[in-house]
Amino acid sequence: SSGINAEYGDLSPLIRLFCESKLKMVARYLTPQLREDFNRDGVVIIRQVFNSEWLKKVESSIERNKAAPSQYGENVKGDGGNGSYFNDYLNWRQIPELEEYIYSSPAAEIAKFLTGSERIVFYHEHILCKEPNTTKTTPWHHDQSYYPLDGDQVCSIWMPVDHVAKSETLYFVRGSHKKGYFMPYKFATELPYPVSKPDQEPRLTFTPIPEKIEELGEVVGWSVAPGDCVVFAGKTVHGAPGNMSDRQRRVLSTRWVGDDVVCAERPWVCSPPVTGNLKPGDKFQQDGLFPYIDC
């Protein structure tokens with residue numbers, strides 16, 4: 001540290017200022033009541049936590065991803081309408097602004113606080129864009145059935161860069177994160193995932209989503225403005241209508257895992273289909289692929 005001080009001078013005022021600003025953010029947004037709501041409902045909304053600089057970086061990241069999608073990218077059209085639903089993931093290491101968001105934005109701190117984890121691991125990002133006049137819906141589902149991981153400290157931070165009216169927003173079934181595992185559904189066909197490992201002894205029971213979603217619980221959703229985010233647990237059931245507005249609905253959703261999360265097998269091809277060097281039962285963390293984020 002003496003070498004740093006010799007070269008850059010006394011950094012303690014800057015460090016103190018940084019820490020004070022982080023504490024103010026925690027005091028303003030990350031309250032005990034917010035964590036209580038998250039634990040009870042499996043979903044919360046946080047208003048105006050991302051500033052304009054983060055919004056610009058995320059918007060730029062989304063446009064770069066759309067211009068050069070990965071092997072996992074897809075454009076899905078519904079019946080009628082001329083818009084499409086673009087989604088893609090696992091591009092954060094190729095997009096510098098996205099990598100900066102993961103390591104330096106408030107997102108990691110939000111995920112760590114709400115999951116109650118001592119440390120937080122970044123799992124992956126998911127770009128979700130519905131063009132104007134898109135009839136394609138997002139089927140009711142929860143994320144954790146798609147993932148090769150088990151544990152309770154899993155969450156997503158859903159952050160739009162466009163205003164999302166309540167008629168186009170993401171809806172959630174309050175408390176559904178406490179109701180076990182549900183079958184995953186293909187976004188394109190809205191059919192259940194095919195079982196690709198029929199000989200694998202199932203450890204978990206995956207039940208179908210009820211046709212009448214209200215049978216599962218109260219459905220909630222919000223109008224969301226740029227700067228807001230919705231945080232939801234890995235097992236919270238959610239879905240969305242199409243986008244029949246004249247605006248884009250561009251969203252960055254980042255996925256985070258905590259201390260109790262381990263690598264797991266599923267009886268189908270997982271999404272994302274990437275586990276690095278991890279084996280079932282391993283703590284879900286791997287430097288460079290699923291990194292710890294200091295916050």
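The values are calculated or read from the model by the stated rules, or taken from the named source; none is laboratory data. As the structure is a computational prediction, the values presented were derived from the model and not from experiment. All Cβ positions, even for glycine, are placed from backbone atoms using ideal geometry, and neighbour counts span all protein chains on display. Each accessible area value is taken on the protein alone, full model and side chains, heavy atoms only, with ligands, DNA and RNA left out. Shrake-Rupley method; radii C 1.70, N 1.55, O 1.52, S 1.80 Å.
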Pairwise centroid distance, computed over Cα atoms, of the range 47-93 with the range 109-172, Å: 13 Å
Would you mind checking the pairs Lys130/Lys212; Lys77/Lys130; Lys235/Lys283; Lys112/Lys279; Lys130/Lys178; Lys197/Lys279 and listing those with alpha carbons more than 21 angstrom apart? Lys130/Lys212; Lys112/Lys279; Lys130/Lys178
Looking only at aspartates and glutamates whose Cα falls under 18 Å of Lys66's and that sit 8 or more positions away or on another chain, we get Glu74, Asp88, Glu97, Glu99, Glu125, Glu131, Asp162
Gyration tensor on Cα atoms of the range 90-214, a ≥ b ≥ c root eigenvalues, a/c under 1.5 rounded, else prolate if a/b beats b/c, else oblate, says oblate
Under a plain spin-label model, where a point goes 7 Å from the Cα along Cα-to-Cβ, how far apart in nm are Lys56 and Val274? 2.8 nm
Evaluate the relative contact order of the range 74-180 (contact order divided by residue number), counting alpha-carbon pairs under 8 angstrom at least 6 apart; express in whole percent. 32 percent
Quick one: if you stick a label point 7 Å off each Cα along the C-beta vector at Arg35 and Ala68, how many nm between them? 4.1 nm
Run the helix sum for the chain: -39,500 (n - 2.57) per DSSP H stretch of 4+ residues, divided by residue count, reported at 222 nm to the nearest 500 deg cm²/dmol. -7000 deg cm²/dmol
Residues whose placed amide H lies under 5 Å from that of Leu149, excluding near-sequence neighbours: Ala264
Take peptides 29-39, 231-241 and line them up by average Cβ neighbours within 10 Å, highest first, as a rough protection proxy. 231-241, 29-39
Given a 1.4 Å probe and the protein chains all in place, what does the accessible area of Cys270 round to, in Å² to the nearest 10? 20 Å²
Going by a ≥ b ≥ c, the root eigenvalues of the Cα gyration tensor, does the range 169-295 fall in the rounded group (a/c under 1.5), the prolate group (a/b larger than b/c) or the oblate group? oblate
Go through the range 78-89 residue by residue and turn each phi into a ³J(HN,Hα) via Karplus (6.51, -1.76, 1.60, θ = phi - 60°); whole Hz please, and just put x for glycine and proline. x, 7, x, x, 10, x, 9, 10, 9, 9, 7, 8
Here the FRET efficiency for Asn75 versus Asp246, based on Cβ atoms and R0 = 25 Å and rounded to 0.05, is 0.80
Order 249-262, 42-55, 115-128 from most to least packed using the mean count of other Cβ atoms within 10 Å. 249-262, 115-128, 42-55
Which label marks the calculated value of Cα extents along the principal axes in Å, given the options [x] 56, 42, 35; [y] 64, 47, 39; [z] 55, 54, 46? [y]
Could you give each residue of the range 119-134 its phi-based ³J(HN,Hα) in whole Hz, using Karplus coefficients 6.51, -1.76, 1.60 with θ = phi - 60°, and x for Gly or Pro? 10, 10, 10, 7, 8, 6, 10, 9, 8, 10, 10, 10, 5, x, 6, 9
What shape does the range 50-152 take by its C-alpha gyration tensor, where a ≥ b ≥ c are the square roots of the eigenvalues and a/c under 1.5 counts as rounded, a/b above b/c as prolate, and the rest as oblate? oblate
Sorted by chain and then number, the residues having a modelled amide H within less than 5 Å of the amide H of Ser105, at least 5 places away or on another chain, are none
Spin-label point model (7 Å from Cα, Cβ direction): what's the Ser196 to Arg47 distance in nm? 4.4 nm
For the range 216-229, 3J(HN,Hα) per residue [Karplus equation, 6.51 cos²θ - 1.76 cosθ + 1.60, θ = phi - 60°, Hz, x = Gly/Pro]: 7, x, 6, 8, 10, x, 9, 6, 10, 9, x, x, 7, 8
In whole percent, what relative contact order does the chain give with Cα contacts below 8 Å and a gap of six or more residues? 28 percent
